[in-house]
Amino acid sequence: MDTLDIVKILGTGIAGFGFLLMYLAYKLIASLVTLPKVNPAILKMINRYMVVCFIMTVTVGVFTFMSTSYKNDVISNQEAVIKSKDTVLNILATSQKNKLLADSVSKAVDSQTIAEVQSRQNSYLDTLQMFIENQHNPTQRERFNRYKNSLSTIADSLTMANVDHKRRQFLKEKYATVNDSITTLSLKVVDNQLSAIKK
């Protein structure tokens, strides 16, 4: 008994307790065997007790393994849900930042401001593109690329010095419309992600 750490064995739970009882029964039999006259009924009873302890230990061990496996599956599923919800939040936040920058383009009066805003907006569009490509939906990917290219073309036209006021206003409205389309597409991606979580 000196080589066993009882606290560690009991720390494993009921299975450890069952093992400890079985070990004590074994030690009792081992000590009785050395005696000259032992009642066979006592040995038989100790043997039965030892078998019961063994069955209890194995049963508890199996149920512990099964419940641990189930809990690991639940944790794994919850981890996937949390990751999906985190993606949804990131898409919404990036889409909102993109929209705010697009609104500032429609209010900008000089080409320099528009160029700076477009440069910052490109980083948000790249992030949104990454999320959309992770959805593995070719239609959404193609639509997003089309919107992104349109924005780039419109922004280039807005930064030209020889664009008259009427044309500039038209381009700003077009820029806002394309950005609204990007926001709508982002919300659709979010809906798809939330639908996948609920399944």
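Things worth noting here:
- Residue match in region 22-44 (condition: assigned to a helix (DSSP H, G or I), exposed (fewer than 12 other Cβ atoms within 10 Å of the Cβ), of a type in the set (A, V, I, L, M, F, W, C) and at pLDDT 80 or above): yes
- Set Ser76, Ser84, Ser152, Ser123: member being part of a helix (DSSP H, G or I), over 24 Å from Gln193 (Cβ atoms) and either in contact (Cβ under 8 Å) with a residue 12 or more places away in the chain or open to solvent by less than 80 Å² (accessible area, probe 1.4 Å) (or both): Ser152
- Residue in region 46-56 that is exposed (fewer than 11 other Cβ atoms within 10 Å of the Cβ), part of a helix (DSSP H, G or I) and either on the phi < 0 side of the Ramachandran plot or not charged (D, E, K, R) (or both) present: no
- Filter result (of a type outside the set (A, V, I, L, M) and either open to solvent by less than 10 Å² (accessible area, probe 1.4 Å) or farther than 18 Å from Leu125 by Cβ (or both)) within region 155-171: Asn162, Asp164, His165, Lys166, Arg167, Arg168, Gln169, Phe170
- Cβ separations smaller than 6 Å between residues 6+ apart or across chains give the following pairs from region 44-61 residues that are touching a residue at least 12 places away in the same chain (Cβ under 8 Å) to residues that are β-branched (Val, Ile, Thr) and surrounded by 13 or more Cβ atoms within 10 Å (Cβ to Cβ): Ile46/Ile29; Val60/Ile14.
- Single residue of Thr113, Thr34, Thr127 found to be under 30 Å from Leu10 (Cα atoms) and either more than 27 Å from the chain's Cα centre (by Cα) or of a type outside the set (Lys, Arg) (or both): Thr34
- Residue within region 104-118 that is in contact with a helix residue (DSSP H, G or I) (Cβ under 6 Å, 6 or more places away or on another chain), within 30 Å of Ile197 (Cα to Cα) and open to solvent by less than 50 Å² (accessible area, probe 1.4 Å) present: no
- First in region 21-37 and within 17 Å of Asp5 (Cα to Cα), second anywhere and of a type in the set (A, V, I, L, M, F, W, C) and assigned to a loop (DSSP other than H, G, I, E, B), Cβ under 8 Å, 6 or more apart: Tyr23/Leu4; Lys27/Met1
- Within region 128-140, being open to solvent by 70 Å² or more (accessible area, probe 1.4 Å) and either touching a residue at least 12 places away in the same chain (Cβ under 8 Å) or not in a helix (DSSP H, G or I) (or both) holds for Asn134, His136.
- Among (1) of a type outside the set (A, V, I, L, M, F, W, C); (2) touching a residue at least 24 places away in the same chain (Cβ under 8 Å); (3) in contact with a helix residue (DSSP H, G or I) (Cβ under 7 Å, 6 or more places away or on another chain); (4) open to solvent by 30 Å² or more (accessible area, probe 1.4 Å), the one test that Asn179 misses: (4)
- In region 87-103, residue surrounded by the most Cβ atoms within 10 Å (Cβ to Cβ) [restricted to those that are among the hydrophobic types (A, V, I, L, M, F, W, C) and under 19 Å from Lys172 (Cα atoms)]: Ala102
The values are calculated or read from the model by the stated rules, or taken from the named source; none is laboratory data. Every value quoted in this text rests on a predicted model; they were computed, and no experiment measured them. Cβ coordinates were reconstructed from backbone atoms using ideal geometry, including for glycine residues, and neighbour counts include every protein chain displayed. The accessibility values were calculated without ligands, DNA or RNA, using every heavy atom of the protein model including side chains. Shrake-Rupley method; radii C 1.70, N 1.55, O 1.52, S 1.80 Å.
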